[in-house]
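Reading through the structure tokens given below for one structure.
The values are calculated or read from the model by the stated rules, or taken from the named source; none is laboratory data. In this text, all values refer to a predicted model and were calculated from it rather than measured experimentally. We place every Cβ from the backbone using ideal geometry, glycine too, and count neighbours over all the protein chains shown. Just so you know, the surface numbers come from the protein's heavy atoms only, side chains and all, with ligands and any DNA or RNA stripped out. Shrake-Rupley method; radii C 1.70, N 1.55, O 1.52, S 1.80 Å.
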Amino acid sequence: MEFFRETDVVVIGGGIVGTAILRELSKYDLRCLLVEKEPDLSIGTTKANSAVCHAGFDAPAGSWKAKTNVRGNALYHELQDDLDLDIKWCGSLVCAVTDEQVEQLGVLLERGKANGVPGLEILTGDEVREKEPNLTTTKAALWAPTAGVMWPFGAAIAFAQCAVQNGAQVLRDCAVTGFVKEDGRVTIVNTTKGAIKTRFVINAAGVYADKVARLAGDDSFTITPRKGEYILFDKTAAPDLVWGIVFPCPTRTSKGILVCTTTHGNTFIGPNANDQDDKEDTAVTPAGMEEIIAGARKLVPNLPLGAAITEFAGLRAVSSTGDFVLGASPVPGFLNAAGTQSPGLSAAPAIAEVLVEALGKEMALRKKCNWNGRLPRKKAFNKMSASEKKAVIAGNALYGRVICRCETVTEGEIVAAIHEPVGARTVDGVKRRTRAGMGRCQGGFCGPRVVQILARELQVPVSSIVKERAASHLYYDKFTGGGTEGGK
């Protein structure tokens, strides 16, 4: 059998957990490779979640969720400057609107203390309104100052870029189709791009982690997709809602429908929590919209629904174990980082430490002496001063052409995003790296221009450019048959 790659560790899955693991592995003298079945990274749960870096008071003490959440939160505080991460450390409030919920806050406080979360305290309603004036129905709240809201896709890309600059590799459009074992041990990963010979496999495949594990012979857990729907408001609505992160008291299955303002100034409400069998169904529903609107109104009665600019849904990977599934599996050579539903985003860098520690029990690990954990700092054009804009345009005229009017994103930024390490290859890939298409018109103006720029820079036909996934073509070439008509 011919192998198109030989490596020490293959990471399956290019979400926040997989990319964090790849970065952690890149600290060692290892040949590391991440494979992602989609055209870009973070197309699963990482692209559609609440973007909250949780403090860590919700999960049961001693669980993987609790331990990695608190550690992960601390690591993000350290990594923010090194990786130029977009995080707003605004703290979070868990709001009680009934006397029964006020009592529940005490339970969360004690659990948080047991988990080692610093700075927790219960605020009165008046103290809450000093922070968030629009929480008129709140009687008391648990304040967690270490929580923050972040840009998840940006974090995943930063993890991947840091890993690549330290010698790791990333393969996209590369789906795993099976494994080959020798003496019961996984030694070969079969993919749609060919066979990869490896010493170890780390499974971070999100909602598909159970299916990937079964391909290797590990049936120790199952994953149930849990859909969460959201509504996103235009930036003009933010002053009338909240500045930071506002939770209701949690339920058995969910942290509840929250109201939160992102690092970019858009406020959103959601998510709900509905288990389903379909691992691909991310459609929003009328019933779901009604549910999250009703839930959010318990916290902020006057929602500016006329300012809604989009609705979306994401799937969380809920494990049958009730906790994250981390470490060596029953199959030699195969490790899992599975079931990483909330607080998976918050826990990702700590999960990476756990998996590398588990790998270290299986093989000798030697740290690199020249590992570089810092990325170059980037500044969005719309955040530059007038003199900075003038200077960057003088250096590259493409920065003088605005492509996305809503977010003031320039052609220079889009071209840079395409050619950077692990660069954009899709319209949504450009959107998540630059915010072109994330404004009020949701790409109605800039979308066709982004397609043209992608085709030009990648030197491919316009009909080959996709919105997000492999079959999501936006244009059809009637002469060659390229693309797929109607974008289907």
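Structure values in brief
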item: Residue check, Val10 among the β-branched types (Val, Ile, Thr), under 26 Å from Met363 (Cα atoms) and surrounded by 21 or more Cβ atoms within 10 Å (Cβ to Cβ); result: yes
item: Residue match in segment 251-259 (condition: part of a strand (DSSP E or B), touching a residue at least 12 places away in the same chain (Cβ under 8 Å) and either out of contact with any Leu (no Cβ under 6 Å at 6 or more places or on another chain) or among the acidic types (Asp, Glu) (or both)); result: yes
item: Val460, sole failed condition from (1) in a helix (DSSP H, G or I); (2) among the β-branched types (Val, Ile, Thr); (3) open to solvent by 40 Å² or more (accessible area, probe 1.4 Å); (4) closer than 24 Å to Asp173 by Cβ; result: (1)
item: The lone exception for Gly62 - which of (1) in a helix (DSSP H, G or I); (2) over 24 Å from the mean Cα position of the chain (by Cα); (3) not polar (S, T, N, Q) it fails; result: (1)
item: Residue identified as closer than 21 Å to Thr138 by Cα, crowded, with 21+ Cβ neighbours inside 10 Å and in contact with a Cys (Cβ under 6 Å, 6 or more places away or on another chain) among Ile257, Ile245; result: Ile245
item: For Lys37: the one exception among (1) within 16 Å of Ala209 (Cβ to Cβ); (2) in contact with a Gly (Cβ under 6 Å, 6 or more places away or on another chain); (3) outside any helix (DSSP H, G or I); (4) not hydrophobic (A, V, I, L, M, F, W, C); result: (2)
item: From Arg214, Arg252, residue being more than 20 Å from the chain's Cα centre (by Cα), surrounded by fewer than 18 Cβ atoms within 10 Å (Cβ to Cβ) and within 21 Å of Gln101 (Cα to Cα); result: Arg252
item: Filter result for Gly265 (touching a Phe, Trp or Tyr at 6+ places or on another chain (Cβ under 7 Å), over 20 Å from Ala338 (Cβ atoms) and part of a loop (DSSP other than H, G, I, E, B)); result: no
item: Scan of segment 40-57 for residues that are out of contact with any Phe, Trp or Tyr (no Cβ under 7 Å at 6 or more places or on another chain), in a loop (DSSP other than H, G, I, E, B) and not hydrophobic (A, V, I, L, M, F, W, C), ordered by number; result: Asp40, Gly44, Asn49, Ser50, His54, Gly56
item: Condition broken by Arg71, with the remaining ones in (1) over 24 Å from Pro145 (Cβ atoms); (2) open to solvent by 30 Å² or more (accessible area, probe 1.4 Å); (3) among the basic types (Lys, Arg) satisfied; result: (1)
item: 3 or more residues surrounded by fewer than 18 Cβ atoms within 10 Å (Cβ to Cβ) and touching a residue at least 12 places away in the same chain (Cβ under 8 Å): qualifying strands (runs of 3 or more DSSP E) within segment 107-174; result: 121-124
item: Yes/no for Val422 being surrounded by 21 or more Cβ atoms within 10 Å (Cβ to Cβ) and either over 25 Å from the mean Cα position of the chain (by Cα) or closer than 24 Å to Arg172 by Cα (or both); result: yes
item: Selection from segment 212-236 of residues that are free of Cβ contacts under 8 Å to residues at least 24 places away in the same chain and in contact with a strand residue (DSSP E or B) (Cβ under 9 Å, 6 or more places away or on another chain); result: none
item: Matching option when the condition is farther than 27 Å from Glu38 by Cα and either assigned by TED's automatic domain parsing to the domain that holds Thr434 or not acidic (Asp, Glu) (or both), among Ile223, Ile257, Ile188; result: Ile257
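Let's see how each residue does on (1) touching a Leu at 6+ places or on another chain (Cβ under 8 Å); (2) of a type in the set (Asp, Glu); (3) farther than 17 Å from Ala205 by Cα:
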{"position": "Ile269", "(1), (2), (3)": "yes, no, yes"}
{"position": "Ala273", "(1), (2), (3)": "no, no, yes"}
{"position": "Asp278", "(1), (2), (3)": "no, yes, no"}
{"position": "Ala294", "(1), (2), (3)": "no, no, yes"}
{"position": "Pro301", "(1), (2), (3)": "no, no, yes"}
{"position": "Ser329", "(1), (2), (3)": "yes, no, no"}
{"position": "Ser342", "(1), (2), (3)": "no, no, no"}
{"position": "Asn370", "(1), (2), (3)": "no, no, yes"}
